[in-house]
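Visitor: Below is the structure I would like to discuss, written out as structure tokens.
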Amino acid sequence: MATLADVSSDQQNKGLQANVIVDRDAASRLGVTVSQIDNTLYDAFGQRQVSTIYVARNQYHVIMEVAQAYLQNPQILKDVYVSTSGGPASGSQTTNAVAGTVVPSTQKASGNAASVNSVAASAVRNLATNSIGATGKGASSTGTAVSTSQETMIPLSSVTQYGQGQTSLVVNHQGVLVANTISFNLAPGISLGTAVTTIEETMNRIGVPATIRGSFQGAAKIFQESLSSEPFLVLAAFATIYISLGMLYESFVHPLTILSTLPSAGVGAVLALMLFHTQFDIIAMIGVILLIGIVKKNAIMMIDFALHAERTEGLSAEDAIYRAAVLRFRPIMMTTMASLLGAVPLIVGMGEGSEFRRPLGITIIGGLVLSQILTLYTTPVVYLYLDRFRHWSMRRRRRA
């Protein structure tokens, strides 16, 4: 049975790109290294920073690349040449000539010697003062436009092959990481919790690499966060009730009698949701929290009357709880029916958003019905047993 429906992704990977495949055997025969090819391509089409221009109020990074006219067609790769004798700069390969530029031998004439030496001296001074220029890919350029001696230029097409590939049209990010979003709807009759579990099990089964991390967003993320905090929320509610009732009755035992009525309310809520084939979602969880406050009032009405009768009239625990159960039966039924009937419109309502309110009504009614049936009989029994435990512990402390 399918768990997810209408699965879609925002990944768009049908863009065209030119792939350059290096023929390492041919490059080795011609004396060209892979790093020289890489530097040549990065000089032509990358963002190599070669210098910084300083002015009075600002500074500008100098980026080297080919002219924009040569960036429109992959065929320009056929006009790129790789230098085989570029000198080192800072221990790495210098910037190589591109687009068929070859230094003529006439440039070695004595008339240009002073100019060449001036350019070289300027380049050394530029590297010494502009440390930021060395932050590009690999090593930075020396600042010299071309080599000062005749060198061998190898066409890039002699050592590489070209082909078309596919690349992403849009690179989406989430935070600082590249991310693709996969959206899905739930199949009929499938809960969000089941879908989340299925996705996690599938990722574990297919062995997703450690470099790929997945996380839920939207409603699935809210669902996970609510599940992680629900146990702490329920425990905090129980602790608050226990402390408040303990201060009210000045007892460590009798608050447990009141809290004993809450499990039956939770069971009734879950059974009602199963009966109506309704998911236990966040709205149903809110209904359970409401039941904690509604159901415990039944026990409070009986326990409060019984303790008062014991302390003021001197009745035994059996007589006190019996009188409380008889005299408090009518107000207990009245308050319970008022709460129960007040939740009926949440179930039968057909207006806008009624599907969100229906789990709340089902939870309240189911929890109230079952708890009302059970607590009228179980609360006196729990009260008597805990009262015996209280007297037994007091006798032990006296002996001690």
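The values are calculated or read from the model by the stated rules, or taken from the named source; none is laboratory data. In this text the structure is predicted, and so the values were computed from the model without any measurement. In this analysis, Cβ positions are derived from the backbone assuming ideal geometry, glycine residues included, and neighbour counts consider all displayed protein chains. Please note that ligands, DNA and RNA were not included when accessible areas were found on the heavy atoms of the full protein model with its side chains. Shrake-Rupley method; radii C 1.70, N 1.55, O 1.52, S 1.80 Å.
Visitor: From the residues in region 212-243 that are hydroxyl-bearing (Ser, Thr, Tyr) and surrounded by 12 or more Cβ atoms within 10 Å (Cβ to Cβ), which one is modelled with the lowest pLDDT?
Guide: Among residues in region 212-243 that are hydroxyl-bearing (Ser, Thr, Tyr) and surrounded by 12 or more Cβ atoms within 10 Å (Cβ to Cβ), the one modelled with the lowest pLDDT is 226.
Visitor: Also, I was wondering about something else. Which residues, counting only those in region 186-202, are closer than 28 Å to residue 13 by Cα and open to solvent by 80 Å² or more (accessible area, probe 1.4 Å)? It would help to see each step written out before you state the result.
Guide: Kept after step one, since they are closer than 28 Å to residue 13 by Cα, are these residues of region 186-202: 186-187, 195-196, 198-202.
Residue satisfying the conditions is 201 alone.
Visitor: Kindly check whether there is at least one residue in region 379-388 that is farther than 21 Å from residue 263 by Cβ, assigned to a helix (DSSP H, G or I), of a type in the set (Asp, Glu) and out of contact with any Leu (no Cβ under 9 Å at 6 or more places or on another chain).
Guide: No.
Visitor: Could you tell me whether residue 90 is modelled with pLDDT under 90 and touching a Leu at 6+ places or on another chain (Cβ under 9 Å)?
Guide: Taking the combined requirement at face value, the residue satisfies it.
Visitor: I would also like to ask the following. Is it the case that some residue within region 297-310 is in contact with a Gly (Cβ under 8 Å, 6 or more places away or on another chain) and in a helix (DSSP H, G or I)?
Guide: no
Visitor: Also: I'd like the full set of residues that are open to solvent by 40 Å² or more (accessible area, probe 1.4 Å) and under 15 Å from residue 263 (Cβ atoms), limited to region 342-368.
Guide: none
Visitor: Based on this model, can you work out whether residue 208 counts as at pLDDT 80 or above, under 30 Å from residue 380 (Cβ atoms) and surrounded by 11 or more Cβ atoms within 10 Å (Cβ to Cβ)? Walk me through it before giving the result.
Guide: Numbers: at pLDDT 80 or above: yes; under 30 Å from residue 380 (Cβ atoms): no; surrounded by 11 or more Cβ atoms within 10 Å (Cβ to Cβ): yes.
No, not satisfied.
Visitor: Return the residues of region 253-268 that are closer than 19 Å to residue 306 by Cβ, touching a residue at least 40 places away in the same chain (Cβ under 8 Å) and not hydrophobic (A, V, I, L, M, F, W, C); say none if nothing qualifies.
Guide: 254, 257, 260, 261
Visitor: Could you check how many residues of region 284-316 are surrounded by fewer than 22 Cβ atoms within 10 Å (Cβ to Cβ) and touching a His at 6+ places or on another chain (Cβ under 9 Å)?
Guide: Qualifying residue count, region 284-316: 1.
Visitor: So, one more: Give the residue that is modelled with the highest pLDDT, with candidates limited to residues of region 51-78 that are part of a strand (DSSP E or B) and under 27 Å from residue 162 (Cβ atoms).
Guide: To start, the set of residues in region 51-78 that are part of a strand (DSSP E or B) comprises 51-54, 59-64.
Narrowing further to those that are under 27 Å from residue 162 (Cβ atoms): 63-64.
Details: 63: 90, 64: 86.
Looking at residues that are part of a strand (DSSP E or B) and under 27 Å from residue 162 (Cβ atoms), I get 63.
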